[in-house]
1. Within segment 172-184, restricting attention to residues that are buried (at least 20 other Cβ atoms within 10 Å of the Cβ) and in contact with a helix residue (DSSP H, G or I) (Cβ under 6 Å, 6 or more places away or on another chain), which residue is nearest to residue 201 (Cα to Cα)?
2. Might you check whether a residue that is at negative phi, surrounded by 21 or more Cβ atoms within 10 Å (Cβ to Cβ) and out of contact with any helix residue (DSSP H, G or I) (no Cβ under 9 Å at 6 or more places or on another chain) occurs anywhere in segment 267-274?
3. Any residue at all in segment 90-104 that is in contact with a strand residue (DSSP E or B) (Cβ under 8 Å, 6 or more places away or on another chain), under 19 Å from residue 236 (Cβ atoms) and surrounded by fewer than 23 Cβ atoms within 10 Å (Cβ to Cβ)?
4. I need the full set of residues from segment 414-461 which are touching a helix residue (DSSP H, G or I) at 6+ places or on another chain (Cβ under 9 Å) and within 30 Å of residue 267 (Cα to Cα), in order please.
5. Identify all residues within segment 112-134 that are touching a helix residue (DSSP H, G or I) at 6+ places or on another chain (Cβ under 7 Å) and modelled with pLDDT of 95 or more; write none if there are none.
6. So which residues in segment 405-430 are over 42 Å from the mean Cα position of the chain (by Cα) and surrounded by 10 or more Cβ atoms within 10 Å (Cβ to Cβ), if there are any at all?
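The values are calculated or read from the model by the stated rules, or taken from the named source; none is laboratory data. As the structure is a computational prediction, the values presented were derived from the model and not from experiment. All Cβ positions, even for glycine, are placed from backbone atoms using ideal geometry, and neighbour counts span all protein chains on display.
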């Protein structure tokens, strides 16, 4: 994916007619079975909005990709990006206690990273009346959001979703930037990405939120509350067209907002899944889901009268979203995931064309080929990017990509070797003696007697 989708009906032609029909049918089934006044779906492929569709209770009055819906907790992904910008600018670290930058709260010992990943141990909701359904004026200060004893679990021990935790992150952004978090969001994220229809308050055309009776086909409008201090947890309104751009950004980043490497870091698991939800997980402001063999990243959201979901599959280069204007009913998370799967399965993308390296350090060629860890055979491949890939030849066991560092070593990107250092140890004449990977000695032949294999090896018999 790239980060510049161009929402246009003309791009519908890029999908086969059978795919478009299957997508529209999924939206239609979701609207009918979920008993929602309206439902909008959209698909992003390779960074562009390639399909939108909708169904409504009013014939010939279905919403389009420019109709605003409240997106609830998808707001948290935006707040997380603001925090990661502060991290990338060197203004804070994820390991910093909150009190270092935002003193005076009852949660000062929890770290910025724990707040992002919902491992702070803070309560899920605010004390007092339900914040989503009451005016923000009832909670004018952070103390009103947290209460005297906000902790429910020891910090860092488990995943426990916390809406007040994101109120703290919004206040953190305000403190460090010296401006309201909404103003920082507009200047640093929304304007650079062209998200002109993503706002704190609804702007016409916008859907009206409804509560649909669970046992009768009747409904009533839901009140819209401005949530004040809790706004960073779920205040935003957006459109399918804007969220298509956001999906592309969450897949690949944008040079004017956050680089691809930082966004990829946000998508990495930072909190373990709960035992009751083994296919779930959470990164840094990004919800994770394992579904039908795919790893999805994004977020779901809900506010009175609205449901929303957005998922991207980086491996497939596809993202999808679903927006509904009812308090409960349609399974928008599943609908968005299904729209993604329909597209990716019916029209799988093409891999990037193989190209040789334009320029490659000749010393890297000394590392390519087979290596042995004891008697286990490994293959080290050198990519055109200068990355290394090490994996067992028999396809079983630990493998990882390694990216190059400034000091000429490489750092593992995933699995057992994530974060571990790989370095080539050379002889005085410059030839490679062996490869050291986190103290493991890899040699050109099993137990090479000329290499410093720990414990020594007397020879083969």
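1. By that ranking, first place goes to 181.
2. No, segment 267-274 contains no residue that is at negative phi, surrounded by 21 or more Cβ atoms within 10 Å (Cβ to Cβ) and out of contact with any helix residue (DSSP H, G or I) (no Cβ under 9 Å at 6 or more places or on another chain).
3. Within segment 90-104 (the criterion being in contact with a strand residue (DSSP E or B) (Cβ under 8 Å, 6 or more places away or on another chain), under 19 Å from residue 236 (Cβ atoms) and surrounded by fewer than 23 Cβ atoms within 10 Å (Cβ to Cβ)), the answer is no, since none of the residues qualifies.
4. Answer for segment 414-461, where residues must be touching a helix residue (DSSP H, G or I) at 6+ places or on another chain (Cβ under 9 Å) and within 30 Å of residue 267 (Cα to Cα): 437, 438.
5. Residues satisfying the conditions are 112, 115, 116, 118, 120, 122, 123, 124, 125, 126, 131.
6. Matches in segment 405-430: 427 only.
Let's see how each residue does on (1) assigned to a loop (DSSP other than H, G, I, E, B); (2) surrounded by 24 or more Cβ atoms within 10 Å (Cβ to Cβ); (3) touching a strand residue (DSSP E or B) at 6+ places or on another chain (Cβ under 6 Å):
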{"residue": "285", "(1), (2), (3)": "yes, yes, no"}
{"residue": "288", "(1), (2), (3)": "no, no, yes"}
{"residue": "295", "(1), (2), (3)": "no, no, no"}
{"residue": "298", "(1), (2), (3)": "no, yes, yes"}
{"residue": "301", "(1), (2), (3)": "no, yes, yes"}
{"residue": "310", "(1), (2), (3)": "no, yes, yes"}
{"residue": "315", "(1), (2), (3)": "yes, no, no"}
{"residue": "321", "(1), (2), (3)": "no, yes, yes"}
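Yes or no, residue by residue, for (1) at pLDDT 95 or above; (2) under 23 Å from the mean Cα position of the chain (by Cα); (3) in a loop (DSSP other than H, G, I, E, B):
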position: 137; (1), (2), (3): no, no, no
position: 170; (1), (2), (3): yes, yes, no
position: 175; (1), (2), (3): yes, no, no
position: 197; (1), (2), (3): yes, yes, yes
